[in-house]
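Enquirer: Here it is, the structure, as structure tokens.
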Amino acid sequence: MALQEDEIVDQHDDNDSLVISTMRRRHLRSVLRIEEQTSSTPWSLGLFLSEARRPERVYLVAKKGKEIVGFAGMLFALNEGHITTIAVDPAYQGARIGTRLMLVLMRRAIAHGSDCVTLEVRASNTSAKRMYARFGFMPAGTRTAYYKDPVEDAMVYWAYDVDSENYHKRLVEIERSLYEPFIYEHSEWDTDTDDQLDEVDGEPNETKNGYL
């Protein structure tokens, strides 16, 4: 999924601290709204449900008060993490919400035992590439015509040795650069995704296989 990322200037300073938590089914209407605004080939509700329910996945949302303002996801395979999606509400781009989501994703990858992480990004997305460089990602290849509407190449990025002490220090410095701390809500690293996706906006799930 194409990343729509924010600039490095902090904005939207208000009384609501940013909270990052596990994506739950009640969040999906807001997630889909942001997805429609930021992706040229948006994921469907069914795809989000299917992905988030699968093992070896992490899906997160960023909240300001009761409002969902961003989301991100990652899958794990052996010793690797693969960032599958990250997006920020256009009204909040510029507040470094993407940076905060990336901090949590990278720490989740390390906690899972990953020593390298990969992702794809549009070749023209300079703000996203700038952010990824701060997290130690470097270009490693190109996927021709990977994105649609408009058609564009994807640059494949990798970050290596993310489990090292030097990388830990990098994450600490990035977090220190933020103008205000954020809250990460979690009870333990491995959670039950079926419980996470049991309702949407407070409505009970009355369908099979996780579909509305």
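The values are calculated or read from the model by the stated rules, or taken from the named source; none is laboratory data. The structure presented is a predicted model; accordingly, all values stated were derived computationally and were not measured. A quick note on method: Cβ atoms are made from the backbone with ideal geometry, for glycine too, and the neighbour counts reach across all protein chains shown.
Enquirer: Give the residue that is modelled with the lowest pLDDT, with candidates limited to residues of the stretch 12-43 that are surrounded by fewer than 15 Cβ atoms within 10 Å (Cβ to Cβ) and in a loop (DSSP other than H, G, I, E, B).
Expert: In the first step, residues of the stretch 12-43 are kept if they are surrounded by fewer than 15 Cβ atoms within 10 Å (Cβ to Cβ); the result is 13-17, 29, 33, 36-37, 40-41.
So of that shortlist, the ones also in a loop (DSSP other than H, G, I, E, B) come out as 13-17, 40-41.
Values: ASP13: 48, ASP14: 55, ASN15: 59, ASP16: 74, SER17: 87, SER40: 88, THR41: 89.
Among residues in the stretch 12-43 that are surrounded by fewer than 15 Cβ atoms within 10 Å (Cβ to Cβ) and in a loop (DSSP other than H, G, I, E, B), the one modelled with the lowest pLDDT is ASP13.
Enquirer: Can you run down the residue pairs with Cβ atoms below 7 Å, 6 or more apart or on separate chains, where the first is in the stretch 62-87 and in a loop (DSSP other than H, G, I, E, B) and the partner is surrounded by fewer than 17 Cβ atoms within 10 Å (Cβ to Cβ) and at pLDDT 95 or above?
Expert: ASN79/GLY113; ASN79/CYS116
Enquirer: Give the residue, chosen from LYS169, LYS129, that is free of Cβ contacts under 8 Å to residues at least 40 places away in the same chain and crowded, with 17+ Cβ neighbours inside 10 Å.
Expert: That would be LYS129, the only listed residue that is free of Cβ contacts under 8 Å to residues at least 40 places away in the same chain and crowded, with 17+ Cβ neighbours inside 10 Å.
Enquirer: Also, I was wondering about something else. So LEU105 ticks every box in (1) in contact with a helix residue (DSSP H, G or I) (Cβ under 9 Å, 6 or more places away or on another chain); (2) modelled with pLDDT of 95 or more but one. Which box is left unticked?
Expert: So the condition that LEU105 fails would be (1).
Enquirer: Would you mind stating whether TYR92 is modelled with pLDDT under 95 and surrounded by 17 or more Cβ atoms within 10 Å (Cβ to Cβ)?
Expert: On the way: modelled with pLDDT under 95: yes; surrounded by 17 or more Cβ atoms within 10 Å (Cβ to Cβ): yes.
Taking the combined requirement at face value, the residue satisfies it.
Enquirer: Say we look at the stretch 44-74 and pick out the residues that are among the aliphatic types (A, V, I, L, M), within 11 Å of the chain's Cα centre (by Cα) and over 21 Å from LYS129 (Cβ atoms); which of these is surrounded by the most Cβ atoms within 10 Å (Cβ to Cβ)?
Expert: VAL58
Enquirer: For the stretch 138-166, how many residues meet the condition of being touching a residue at least 40 places away in the same chain (Cβ under 8 Å), surrounded by 12 or more Cβ atoms within 10 Å (Cβ to Cβ) and either among the acidic types (Asp, Glu) or in a helix (DSSP H, G or I) (or both)?
Expert: 1
Enquirer: Right, LEU178: aliphatic (A, V, I, L, M), at pLDDT 90 or above and either more than 21 Å from VAL19 (Cβ to Cβ) or not in a loop (DSSP other than H, G, I, E, B) (or both) or not?
Expert: no
Enquirer: Additional query: Can you spot a residue in the stretch 110-122 that is among the acidic types (Asp, Glu), at pLDDT 95 or above and either more than 24 Å from GLU173 (Cβ to Cβ) or touching a strand residue (DSSP E or B) at 6+ places or on another chain (Cβ under 9 Å) (or both)? I'd like the intermediate steps shown before the answer.
Expert: If we filter the stretch 110-122 for residues that are among the acidic types (Asp, Glu), which is where we start, we get 115, 120.
Remaining after also requiring at pLDDT 95 or above: 115, 120.
Imposing the further condition that a residue be either more than 24 Å from GLU173 (Cβ to Cβ) or touching a strand residue (DSSP E or B) at 6+ places or on another chain (Cβ under 9 Å) (or both) reduces the set to 115, 120.
Among the residues of the stretch 110-122, at least one is among the acidic types (Asp, Glu), at pLDDT 95 or above and either more than 24 Å from GLU173 (Cβ to Cβ) or touching a strand residue (DSSP E or B) at 6+ places or on another chain (Cβ under 9 Å) (or both), which makes the answer yes.
Enquirer: If a residue has to be over 19 Å from GLU165 (Cα atoms), in contact with a strand residue (DSSP E or B) (Cβ under 8 Å, 6 or more places away or on another chain) and not small (Gly, Ala, Ser) to count, how many in the stretch 97-109 make the cut? If you could, list the steps in order and put the result at the bottom.
Expert: Step one: of the stretch 97-109, the residues over 19 Å from GLU165 (Cα atoms) are 97-101.
With in contact with a strand residue (DSSP E or B) (Cβ under 8 Å, 6 or more places away or on another chain) added as a condition, the list becomes 97-98, 100-101.
The next check asks that each one be not small (Gly, Ala, Ser); those that pass are 97, 100-101.
Summing the residues that are over 19 Å from GLU165 (Cα atoms), in contact with a strand residue (DSSP E or B) (Cβ under 8 Å, 6 or more places away or on another chain) and not small (Gly, Ala, Ser) in the stretch 97-109 gives 3.
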